[in-house]
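Quick one: the structure is below, and I'll ask about it shortly.
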Amino acid sequence: MTARKSYRQQFMLTLGQEEVPVLVSAMRRKSMRLQLNSSGEIDLRIPLGTAKDQVLAFVKQHHDWLVQRRSEFRQRRQARSEHLLVQGRQLPVRESALSEFMVSEQAVWVPAGWSVEQTQLALDTWLRSQAKLEFTRMIERWWPAFAPFASQRPQLRIKKMRTRWGSLSQRGYINLNLALMQLPEHLLELVVVHELCHLKHFDHGPGFRALMSQCLPDWRTREQELSQLARLL
C-alpha cells in the first residue's frame, strides 16, 4: 500500500466465526487509527505510504479488542431490535401478524419472521423519516430569531455521528445526529439552538454564551443532562 494520493480500499477480516469488512482509508496523517463504525464495519485510517504488512500487523495486534467491540455491537443491535427509544420513550418491538412494519404510540410492530438486520433497517428508515420532520420543525420554530444573522436558512442534513450531536457548516448546512431522535424534545431544542447560534458566533466565547443564555436561559442545565444521557446512549 504505497500510493501517493489518498485512497480507500476494503478487505474482509475473520473475527471469531464471522467475516467483517475492513474499510481502509489512506490519508495525510501520522499514525494508524482503528474503530468500529455505526454499521459494525472496521474503519481503519492509515498514513499515506503505509506498507501492507504493517497494516495487517496493526490489525492483528488489535484482534482481541476488535472481537470485543464486535460483540458489544451485536448486543446493541439486538437490544435495538427489541426496543426503540424515541424522544425519551422506549417502545417495545413486537411481532405482528401483518405483513408491514408499523409504529404506534404503544409499540413497534414487525412482521413475524423478520431477521435482526431487516428489523434494524426498517427502524433506521423510520427514524430518519421522523427525524426529518422533527428536526425541520424545530429549526423552523427558532429560525425567526436567527434570520438576521444569515442570508438564508441552513439546509438540514441528518447523519450518524460518533462524537457530535450537531455541527454548522460555513457552506450552509446544519448537520444533526440521527441519535437526537432518542432524546427528549428539550434536548433536541438545545442542540438546534446551539448550532444556530454559530450563525453569529463560530466559537464558544462570551458572545456565543450570551446568545445561548438569551435564547435558552437554562441551557447549561440542559447541557449537563445531555452529557449524562450521552454516556448511556
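The values are calculated or read from the model by the stated rules, or taken from the named source; none is laboratory data. Computed from a predicted model, the values in this text were never measured in an experiment. Using ideal geometry, Cβ is built from the backbone for each residue, glycine included, and neighbour counts are taken over all protein chains shown. Ligands, DNA and RNA are stripped out before the accessible areas are found, and what is left, the full protein with its side chains, is counted by its heavy atoms. Shrake-Rupley method; radii C 1.70, N 1.55, O 1.52, S 1.80 Å.
Taking the highest mean first, how do the peptides 202-210, 132-140 order by number of other beta carbon atoms within 10 angstrom per residue?
132-140, 202-210
Per residue, how many Å² of accessible area does the chain show with a 1.4 Å probe?
Numbers: 14010 Å² over 233 residues.
Here the residues of the chain average 60 Å² of exposed surface.
What are the equivalent ellipsoid semi-axes of the range 9-62, built from the alpha-carbon gyration tensor (square roots of five times its eigenvalues), in whole angstrom, biggest first? Can you show the working numbers first?
Values: eigenvalues 71, 31, 16 Å².
Its equivalent ellipsoid spans semi-axes of 19, 12, 9 Å.
Output the Cα-based Rg and Dmax of the range 145-186 in Å, rounding Rg to one decimal and Dmax to a whole number.
Computed over the Cα atoms of the range 145-186, radius of gyration and Dmax are 11.7, 32 Å.
Could you state the per residue volume, in Å³, of the convex hull enclosing the Cα atoms of the range 76-173? Display every interim value, and only then the final one.
Values: hull volume 12.4 nm³, N = 98.
It comes to 126 Å³ per residue, whole-number rounded.
If you take all C-alpha pairs in the chain, what percent of them are over 26 Å apart?
53
While we're looking at this one, here's another question. Which order do the peptides 155-167, 34-46 come out in when sorted by mean C-beta neighbours inside 10 angstrom, highest first?
The densest-packed peptide leads the list: 34-46, 155-167.
With unit charges on the beta carbon (Lys/Arg positive, Asp/Glu negative), name the residue among Ala147, Thr119, Gln106 whose Cα is farthest towards the positive pole of the charge dipole of the range 72-159.
Farthest along the dipole direction, towards plus: Ala147.
Additional query: Run the numbers for Gln10 and His62: contour at 0.36 nm per residue of separation, minus the present Cα-Cα distance, in nm.
17.0 nm
Using a probe of 1.4 angstrom, how much of the accessible area of the chain is carbon and sulfur, in percent?
48
DSSP beta bridges in the chain, what fraction antiparallel, as a percent rounded to 5?
Among the beta bridges of the chain, antiparallel pairing accounts for roughly 60 percent.
Find the relative contact order for the range 96-136 and round it to a whole percent, using C-alpha pairs within less than 8 Å whose residues are 6+ positions apart.
About 28 percent, as a whole number.
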